[in-house]
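The structure appears right after this line, and notes come after that.
The values are calculated or read from the model by the stated rules, or taken from the named source; none is laboratory data. Owing to the predicted nature of the structure, the values given are computational and were not obtained by experimental measurement. FYI the Cβ positions are ideal-geometry reconstructions off the backbone, even for glycines, and counts take in every protein chain you see. Accessible surface is based on the protein model in full, side chains and every heavy atom, while ligands, DNA and RNA are left aside. Shrake-Rupley method; radii C 1.70, N 1.55, O 1.52, S 1.80 Å.
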Amino acid sequence: MKLKDCLKALVTVAALALPMTAVAAPAPIVIKFSHVVAQHTPKGQAADYFKKLAEERTKGRVKVEVYPNSQLYKDKEEMEALQLGAVQMLAPSLAKFAPLGVKEFEVFDLPFIFDNYQELHKVTQGPVGAKLLKKLEPKGILGLAYWDNGFKVMSANKPIKNLADFRGQKMRIQSSKVLDSQMRSVGSIPQVLAFSEVYQALQTGVVDGTENPPSNLYTQKMHEVQKYVTLSDHGYLGYAVIVNKKFWQGLPADIRTTLEGCMKDATKYANDVAKKDNDEALAAVKKSGRSQLIALTPQERAAWKKAMDKAHKDNMGRIGADIVKEVYAATGYNAN
């Protein structure tokens with residue numbers, strides 16, 4: 001073959017090879033989704049469901065890596081990690097936003113402010129909830145959704161039924177001035193601890209008791225080191241799914257739209273599974289025989305509510321009277 005023909009052949013082979021290079025699949029966009037609870041809690045299940053939807057609907061263009069049980073970061077570390085871009089997505093409890101400087105979120109910590117899920121969703125799925133999420137943007141954070149966990153029960157190594165039973169009890173709380181006020185309003189001593197440290201603290205007597213939705217109580221095996229669980233439903237624990245603002249806004253528009261749809265469906269899934277999981281967790285705690293379940297009479301619950309209303313009054317200025325009154329209007333809250 002002549003040199004000229006050889007060169008033509010080489011050019012042809014090179015030309016044929018170019019499309020092969022051009023169509024090579026780009027590396028997927030990685031979203032690290034960190035959270036502090038067990039995989040089988042409502043939040044854990046919803047995070048995994050979001051991962052499934054995101055990877056399926058983007059046809060592999062997005063890869064979601066879920067890290068449960070504080071594998072990457074503990075309570076106090078994860079928010080900073082998000083702001084620095086070390087992780088892209090979190091679902092922290094709503095109490096975590098006050099230390100960030102957005103104290104209005106502590107409205108969700110007010111005891112007895114929601115009597116049921118219908119009242120709650122008027123806020124989280126309405127204009128007040130959207131207004132609160134917007135307040136995160138100056139912090140470099142975008143709020144995508146609220147996920148339910150559930151209504152909290154009290155646990156301790158002594159029965160807690162009457163107000164006098166709280167006196168002198170060291171009760172673990174999240175870092176929240178409202179929860180601090182709640183516990184002090186009934187004479188107990190609040191102790192702030194990271195979620196990952198609670199089991200050992202209960203086991204060793206560093207604290208006497210705590211408050212949790214049943215799914216957290218059961219999956220973290222706290223019922224094994226707590227003799228009594230009071231079915232008080234006195235407070236709400238929920239989450240806001242948040243992302244690093246710069247990362248999210250830098251996504252291709254079609255990817256972002258697809259992920260927003262995934263989040264909408266994951267939120268419905270999260271909220272549907274929350275009540276079911278909490279009911280099943282309570283049944284499992286009862287079946288275990290490790291903790292005795294205590295029901296409050298309507299009169300006892302009313303006494304708790306009236307006493308804990310002090311936390312509302314003490315924190316009205318801190319949270320913001322306007323936000324608190326908007327929630328009152330939506331829920332019909334009345335301490336009496």
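Summing +1 for each Lys or Arg and -1 for each Asp or Glu among the other residues whose beta-carbon sits under 11 angstrom from that of Pro159 gives +2. Separation of segment 164-184 from segment 132-150 is 26 Å, based on Cα centroids.
Temperature 20 °C, viscosity 1.002 mPa s: under these conditions the Stokes-Einstein estimate for segment 40-158, based on its Kirkwood radius over C-alpha pairs, is 132 µm² per second.
Per DSSP H run of n ≥ 4, the term is -39500 (n - 2.57); total these for the chain, divide by its residue number, and report the mean residue ellipticity at 222 nm rounded to 500 deg cm²/dmol. Per the formula, -15000 deg cm²/dmol.
Dimensions of segment 275-336 along the principal axes, based on C-alpha atoms and rounded to the nearest Å, stand at 45, 25, 20, largest first. Eigen-decomposition of the gyration tensor built on the alpha-carbon atoms of segment 135-174 gives equivalent ellipsoid semi-axes of 36, 13, 8 angstrom, largest listed first. Work through the residues other than Lys74 whose Cβ is under 12 Å from its Cβ and net out their charges, Lys, Arg +1 and Asp, Glu -1. In short, -3.
What is the percent carbon and sulfur in the accessible area of the chain, measuring with a 1.4 Å probe over the protein chains and ignoring ligands? Carbon plus sulfur share of accessible area: 54 percent. Listed peptides 43-49, 136-142 appear in the order 43-49, 136-142 once ranked by packing, highest mean of other Cβ atoms within 10 Å at the front.
Largest accessible area first, the residues Arg301, Arg184 order themselves as Arg184, Arg301 under a 1.4 Å probe with ligands, DNA and RNA left out. Segment 233-306 and segment 47-110 have their alpha-carbon centroids 14 Å apart.
Less than 12 Å Cβ to Cβ from Lys286, Lys/Arg counted +1 and Asp/Glu -1: what total charge do the surrounding residues give? Every neighbour counted, the sum reads 0.
A convex hull fitted around the alpha carbon atoms of segment 66-127 yields 126 Å³ per residue.
With contacts taken as Cα pairs under 8 Å at a separation of at least 6 residues, the chain carries a relative contact order of 24 percent. Grab the beta carbon distance between Glu137 and Asp322, set R0 = 22 Å, and tell me the FRET efficiency rounded to 0.05. Plugging the Cβ-Cβ distance into 1/(1 + (r/R0)^6) gives 0.70.
For segment 40-81, what does the alpha-carbon gyration tensor say about shape, rounded, prolate or oblate, given a ≥ b ≥ c as the root eigenvalues, a/c under 1.5 as rounded, and a/b over b/c as prolate? Here segment 40-81 falls in the oblate category. The order of the peptides 200-206, 94-100, 214-220 by mean Cβ neighbours within 10 Å, most packed first, is 214-220, 94-100, 200-206. Quick one: work out the % antiparallel among DSSP beta bridges in the chain, nearest 5. Of those bridges, close to 50 percent are antiparallel. Each principal axis of segment 174-245 carries a Cα extent, and these read 43, 29, 23 Å when sorted largest first. How about Lys306: which lysines have a C-alpha closer than 19 Å to its C-alpha, ignoring those fewer than 8 places off in the same chain? Excluding near neighbours in sequence, the set is Lys152, Lys161, Lys177, Lys325.
Entry comment: accessible area of the chain is 47 Å² per residue, from protein heavy atoms only and a probe of 1.4 Å.
Read through the labelled values [x] 23.0; [y] 20.1; [z] 21.6 and report the label of the one computed as Kirkwood radius over Cα pairs in Å from the structure. Computing Kirkwood radius over Cα pairs in Å and matching it to [x] 23.0; [y] 20.1; [z] 21.6 gives [z]. Summarising the label geometry, the points placed 7 Å from Cα in the beta-carbon direction at Lys52 and Lys268 lie 1.5 nm from one another. Oblate is the label for segment 194-336, because a/c, from the alpha-carbon gyration tensor with a ≥ b ≥ c as root eigenvalues, is 1.5 or above and a/b does not exceed b/c.
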